[in-house]
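Peer 1: What follows is a structure written as structure tokens; I'll ask about it next.
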Amino acid sequence: MIGRLNHVAIVVPNLSAASAIYAETLGADVSAPEDLASHGVTVVFVNLPNTKIELLHPFGDASPIAGFLEKNPAGGMHHICYEVDDIEAASAQMVATGARVLGDGKPTIGAHGKPVLFLHPKDFCGTLVELEQA
Ligand code: CO
């Protein structure tokens with residue numbers, strides 16, 4: 001069912017320091033920071049030949065990643081995102097296999113304007129998984 005790795009998201013305590021690590025130390029193509037107010041994050045995209053890394057920092061008072069940063073003050077890997085062709089079919093397959101979809105189980109519009117689901121880390125090897133209809 002899953003296809004390409006769309007992105008790996010890393011929460012960082014300092015976006016400009018993290019951008020410099022990727023741009024200068026690792027020599028990657030790094031975007032300017034973008035505030036995604038409705039998602040409560042500021043994101044920097046690291047564009048790699050085969051996928052993207054998203055450097056995330058909390059934006060606003062009710063950021064969904066604020067708690068993660070409190071528990072992981074140095075930052076850390078937050079989730080991985082796989083592409084699927086059909087998000088409704090993916091949701092049905094999760095329900096059929098007993099894997100837990102976070103929230104009410106219905107797809108929401110993700111940070112890239114496409115339908116996404118988040119899957120419970122305990123059902124996926126300790127990793128928060130995002131499925132995105134690409
Ligand atoms: Co994501």
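Peer 1: Obtain the nm distance between the two label points defined at LEU5 and LYS106 by a simple spin-label model: each point lies 7 Å from its Cα along the Cα-to-C-beta direction.
Peer 2: 3.3
Peer 1: Any number yet on Rg/Rh for the chain, C-alpha, Kirkwood? Please list the in-between numbers first.
Peer 2: Working: Rg = 14.9 Å, Rh = 15.4 Å.
Radius of gyration over Kirkwood radius for the chain works out to 0.97.
Peer 1: Quick one: compute a quarter of the convex hull surface over the Cα atoms of the stretch 24-91 and quote it in nm². Could the numbers behind the result be given before it?
Peer 2: On the way: hull surface 25.5 nm².
So the Cα hull casts an average projection of 6.4 nm².
Peer 1: Using r as the Cβ-Cβ distance of ALA96 and GLU70, and R0 as 25 Å, what FRET efficiency do you calculate, to the nearest 0.05?
Peer 2: Details: r = 35 Å, r/R0 = 1.42.
With R0 = 25 Å, the Cβ-Cβ based efficiency is 0.10.
Peer 1: Of all the accessible heavy-atom surface of the chain, with the other protein chains kept in place and a 1.4 Å probe, what percent is carbon and sulfur?
Peer 2: Numbers: 4100 of 7340 Å².
It is 56 percent, rounded to a whole number.
Peer 1: Oh, and also: In Å², what does the accessible area per residue of the chain work out to with a 1.4 Å probe? Numbers along the way, then the final one.
Peer 2: Details: 7340 Å² over 134 residues.
It amounts to 55 Å² per residue over the chain.
Peer 1: DSSP beta bridges in the chain, what fraction antiparallel, as a percent rounded to 5? Spell out each step's value before the answer.
Peer 2: Values: 25 of 35 bridges.
Given both bridge residues lie in the chain, the antiparallel proportion sits at roughly 70 percent.
Peer 1: Also, I was wondering about something else. So how tilted is helix 87-97 from the main axis of the chain? Cα-based, degrees 0 to 90, rounded to 10.
Peer 2: Approximately 60 degrees, to the nearest ten.
Peer 1: If you don't mind, there's one more thing I want to ask. Using a Gaussian network model of the chain with C-alpha springs under 10 Å, which one of THR42, THR25, THR51 is most mobile by mean-square fluctuation?
Peer 2: THR25
The values are calculated or read from the model by the stated rules, or taken from the named source; none is laboratory data. Fair warning: this is a prediction, and the values are worked out from it, not measured in the lab. In this analysis, Cβ positions are derived from the backbone assuming ideal geometry, glycine residues included, and neighbour counts consider all displayed protein chains. Note: accessible area is taken over every heavy atom of the protein model, side chains too, but ligands, DNA and RNA are not part of it. Shrake-Rupley method; radii C 1.70, N 1.55, O 1.52, S 1.80 Å.
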